[in-house]
Amino acid sequence: MNSIYKLVLVTIIILTSLGFAMAQTAMVRGFIYEEESGEPAIFSNVYLQGTNFGASSDVNGYFLISKVPPGDYTLMATYLGFDTIAVPITLAAGAIQDKKLFLKKSSVRLETVTVSAERAEARTETRTSVVKVTSRDIKKIPSIGGQADIAQYLQVVPGVVFTGDQGGQFYIRGGSPIQNKVMLDGMMVYNPFHSIGLFSVFETDMIRNADIYTGGYNAEHGGRISSVMDITTKDGNKKRMSGVVGASTFGARAMLEGPIVKQKSVDKGSSSFILSVKNSYLEQSSKIFYDYIDEDGLPFNFTDIYGKVSLNAANGSKVSFFGFNFTDKVNNYKAISDFGWNSYGGGANFVVIPGKSPVLIEGNFAYSLYHSEINSTTLSDRYSEIGGFNGGLNFTYFLGKDELKYGVEVEGYRTEYEFQNFIGRKIEQTENTTQLGLYLKYKATIGKFLIEPGLRVQWYASLAEILPEPRLAVKYNATDWLRFKFAGGYYSQNFIAATSDRDVVNLFYGFISGPDNLPATFDGEEVTSKLQRSQHAILGTEIDISNSISLNIEGYYKNFPQLTNINRFKIYGDDAPPGASDVETKDFIIEKGNAYGFDLVAKYEHKKVYFWFVYSLGYVNRYYEDTEGEIQHYTPHFDRRHNINVILSYVTGPKRQWEFSARWNFGTGFPFTQVQGFYEYLTFPGGLNTGYEDENGQLGLIYGELFGGRLPTYHRLDIDMKKNFYLSAKTKMVLNVSVTNVYNRENVFYVDLVTNEVVYQLPFMPSVGLSVYF
């Protein structure tokens, strides 16, 4: 007990000391907005002129500069494409001064502001294995189907592997899609990508910011073992009604935003809304424009609806309510399957700025449901559903250049799954799961070092498991132009994928939570946990070669000591004979693996030219136990050894009305499982009394080594041209002409193992889109 009392006493002394220190200094905080729309000016630079005191605004436009000596200062704010503003302020000891800053668009473009903003953030944030993306970034690369989309942008992010245009999924540094966490305004999104693979459920013009963590993320994120994508949408125009309507050869979209109650003055509140709808009519339009690809059309359909209402207080605090409905439908794909999924949900999030405390309070609560099923003439039918809630509460304290953040995250969901494996054995599961995460992290600036330790404690209530997950990020600012960085940690998750590795093409995307039906041992050791786990270690460097050229190099290693997969070897149900192994009787098996490699990114950005070169080298390994108890090795179907992306964008014209962009992608071939032969598979429907002489058997396949073959290399060139027509001060029309696969490379998607038919990815495919912004 004495040790507890001592710990409490030390804590009180530290908090009292901090409070005394804060009382001797001053602080200024507030929000930065774009004057024209009222949207936050995210990641803008705010500083006190002539001093080293400064900060960057966050995703809500919030900034706080603390531990400032009392006195008179000039508060400066800079932001790309906007005029710099200067505001005289007087700071008093122990006082907090609140400011709202509104930035006006600049008539002169200052590209150097971009460089200085990025360099400032690079020196003050650990920023290892994270890419920050805005709608402006997404529109820099060639769009497919006349519609820019974050799904297309992700294909050029370092460490990301995309497996196909039709039914393809994203794999991030050795992690499968089920191991990637996707959040939208704090709400869980279970499947963010449509079946065609080129489009996500997110409307590009609604995205305020997306943080893409490819590994080594800190303690505020948990529940996944590979990566995190955290997307924040806009609140809506607070000044006037605005939006966009557009159509292309692929689909149509519309977005409307505006004030519900306008902000009449700086000391008054406001409310706003934003609503987007987009759909694909490719199944119909492809019969007209792309009948040379498939005379029956491309059977990909989707509709996405998202809406949000925000209530904003005068001091910057706010609460937002949102809801969505996303649907995807594939009709008679290659005459073998019908597939579809539907997802809907809603929730709220809030930001609170206490009156006299240097703390930012954020929270969210949401419910969502995802239902998917596939009906096939050649593959087994499958059904999956997951529905549940997630919520969180986060506190951030700003202590000069240091920062303390802690919070809690809770999730509860129900999963249902039904599937038959390739020999007809039924696998089904229904589970209710609850999990709780508590986290704490501290960012300290010590000389040239940024040190960011963190700890997350993850409690899986339904599995009765508690896991401590330490995290660490470090950056060393060697010089103004050279930085070294490290990030790593321990991670866990309860979800496993409801997919089969034997599928010819995988359109189905479902979920299973911590299954009970696992083997008792793996690799000679007792299986004591139902969770999947990983450890990450990432080491990198950032080099500013010049004001316009930067280089980022990262090497990574991900260890997966326990993974769960659907059992491809199950041959017995409840009628298993004595002596049958767990591998022959259990619904799921245990695997282990690792992924390692490095990513190189070279970026050049100066005035009208943007150039981006990305090279990734990656190795992915998996190990499983066969029916004899021997450990076997294989490389999964997303193991791509080399991946190269080259992007060039150029803007020209007196009003910058012309935009040209091109992207070339090269990737070595994916593994696939070859077929050694065929046989007649008898199902014996009547058991031992079946007349096998008269029974008509099914076609059985004798597989070769698991993923022992390799497809040919993949490469493709896409180009895009945009022309902006400025119709008035607030209205413009954008014409977009793009060509996918310019030189018509026949990239193999898959080979039908039964018919030996080669199915190719998208061929030469021009598209036209027209959008009107108002």
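The values are calculated or read from the model by the stated rules, or taken from the named source; none is laboratory data. Note that the structure is a prediction, hence the values are computed from the model and not measured. All Cβ positions, even for glycine, are placed from backbone atoms using ideal geometry, and neighbour counts span all protein chains on display. With ligands, DNA and RNA removed, areas are computed over all heavy atoms of the protein, side chains included. Shrake-Rupley method; radii C 1.70, N 1.55, O 1.52, S 1.80 Å.
Only one of the listed residues (Arg641, Arg663, Arg656) is farther than 30 Å from Tyr490 by Cα and surrounded by 13 or more Cβ atoms within 10 Å (Cβ to Cβ). That residue is Arg663.
Filter the stretch 287-314 down to the residues that are in a strand (DSSP E or B) and of a type in the set (Gly, Ala, Ser), then identify the one that is nearest to Tyr367 (Cα to Cα).
First, the residues of the stretch 287-314 that are in a strand (DSSP E or B): 300-312.
Filter once more, so that each one left must be of a type in the set (Gly, Ala, Ser): 307, 310.
Values: Gly307: 15, Ser310: 18 Å.
Checking each candidate, the answer is Gly307.
Residues of the stretch 116-161 that are of a type in the set (Val, Ile, Thr), assigned to a helix (DSSP H, G or I) and at pLDDT below 90: Thr124 alone.
Within the stretch 644-653, count every residue that is of a type in the set (A, V, I, L, M), more than 22 Å from the chain's Cα centre (by Cα) and open to solvent by less than 50 Å² (accessible area, probe 1.4 Å).
1
The residue of the stretch 442-458 that is nearest to Gly216 (Cα to Cα), among those that are small (Gly, Ala, Ser) and in contact (Cβ under 8 Å) with a residue 12 or more places away in the chain, is Gly454. Just so you know, in the stretch 49-85 the residues that are open to solvent by less than 10 Å² (accessible area, probe 1.4 Å) and more than 24 Å from Arg127 (Cβ to Cβ) include one that is nearest to the chain's Cα centre (by Cα), and it is Leu75.
Just checking, how many residues over the stretch 555-604 are more than 30 Å from Thr214 (Cα to Cα) and open to solvent by less than 20 Å² (accessible area, probe 1.4 Å)? Quick ask: steps written out before the conclusion?
Start the filter on the stretch 555-604 by keeping residues that are more than 30 Å from Thr214 (Cα to Cα), which leaves 569-587.
Adding the requirement that they be open to solvent by less than 20 Å² (accessible area, probe 1.4 Å) leaves 570, 583, 587.
Residues meeting the conditions: 3.
How many of the residues in the stretch 50-85 are among the hydrophobic types (A, V, I, L, M, F, W, C), closer than 16 Å to Ile32 by Cα and in contact with a Leu (Cβ under 7 Å, 6 or more places away or on another chain)? The qualifying residues number 6.
Residue-wise test of (1) touching a residue at least 60 places away in the same chain (Cβ under 8 Å); (2) surrounded by fewer than 19 Cβ atoms within 10 Å (Cβ to Cβ); (3) under 27 Å from the mean Cα position of the chain (by Cα); (4) not in a loop (DSSP other than H, G, I, E, B).
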site	(1), (2), (3), (4)
Asp267	no, yes, no, no
Ser276	yes, no, yes, yes
Gly316	yes, no, no, no
Phe321	no, yes, yes, yes
Phe326	yes, no, yes, yes
Asn331	no, yes, no, yes
Gly345	yes, no, yes, yes
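The single residue among Gly412, Gly388 that is touching a residue at least 24 places away in the same chain (Cβ under 8 Å), crowded, with 20+ Cβ neighbours inside 10 Å and assigned to a strand (DSSP E or B) turns out to be Gly388. Could you tell me whether Tyr610 is open to solvent by 30 Å² or more (accessible area, probe 1.4 Å) and among the hydroxyl-bearing types (Ser, Thr, Tyr)? It is false that Tyr610 is open to solvent by 30 Å² or more (accessible area, probe 1.4 Å) and among the hydroxyl-bearing types (Ser, Thr, Tyr). Inspection of the stretch 33-47 identifies no residue that is modelled with pLDDT under 75, surrounded by 19 or more Cβ atoms within 10 Å (Cβ to Cβ) and out of contact with any Lys or Arg (no Cβ under 7 Å at 6 or more places or on another chain).
Out of the strands (runs of 3 or more DSSP E) lying entirely within the stretch 26-67, which hold 2 or more residues that are closer than 24 Å to Ser310 by Cβ and either in contact with a Phe, Trp or Tyr (Cβ under 9 Å, 6 or more places away or on another chain) or acidic (Asp, Glu) (or both)? So the answer is 26-34, 54-56. Reported count of residues in the stretch 613-638, each being buried (at least 18 other Cβ atoms within 10 Å of the Cβ) and within 19 Å of Asp718 (Cβ to Cβ), is 2. In the stretch 578-600, the residues that are within 13 Å of Arg173 (Cα to Cα) reach residues that are small (Gly, Ala, Ser) and not in a helix (DSSP H, G or I) with C-beta atoms within less than 7 angstrom, at least six apart or across chains, in these pairs: Ala595/Gly174; Ala595/Gly618; Gly597/Ser616; Gly597/Gly618; Phe598/Gly555; Asp599/Gly159; Asp599/Ser616. Against the list (1) at pLDDT 85 or above; (2) of a type in the set (D, E, K, R); (3) in a helix (DSSP H, G or I), the condition Glu584 fails is (1).
Residues considered: Ser276, Ser272, Ser265. Of these, the only one that is more than 21 Å from Asn209 (Cα to Cα) and of a type in the set (Ser, Thr, Tyr) is Ser265.
In the stretch 739-758, the condition of being over 17 Å from Gly164 (Cα atoms) and either in contact with a Cys (Cβ under 9 Å, 6 or more places away or on another chain) or not in a loop (DSSP other than H, G, I, E, B) (or both) is met by at least one residue. Looking across the stretch 507-543, the residues that are open to solvent by 60 Å² or more (accessible area, probe 1.4 Å) and of a type in the set (Val, Ile, Thr) come down to Thr521, Thr528. Filtering the stretch 347-363 down to residues that are among the β-branched types (Val, Ile, Thr) and open to solvent by less than 30 Å² (accessible area, probe 1.4 Å), which residue is nearest to Val754 (Cα to Cα)? This residue is Val351. Filtering the stretch 364-385 to residues that are crowded, with 19+ Cβ neighbours inside 10 Å and either of a type in the set (Val, Ile, Thr) or under 30 Å from Ala55 (Cα atoms) (or both) leaves Asn364, Ile374.
Taken over the stretch 232-258, the residue count meeting the criterion of being open to solvent by less than 20 Å² (accessible area, probe 1.4 Å), more than 20 Å from Leu311 (Cα to Cα) and assigned to a strand (DSSP E or B) is 4.
Asp523 falls short on exactly one of the conditions (1) over 23 Å from the mean Cα position of the chain (by Cα); (2) on the phi < 0 side of the Ramachandran plot, and that condition is (2). Flag not set for Gly769, criterion: open to solvent by less than 30 Å² (accessible area, probe 1.4 Å), farther than 24 Å from Arg663 by Cα and not in a loop (DSSP other than H, G, I, E, B). Restricting attention to the stretch 302-314, the residues that are open to solvent by 30 Å² or more (accessible area, probe 1.4 Å) and in contact with a helix residue (DSSP H, G or I) (Cβ under 9 Å, 6 or more places away or on another chain) total 0.
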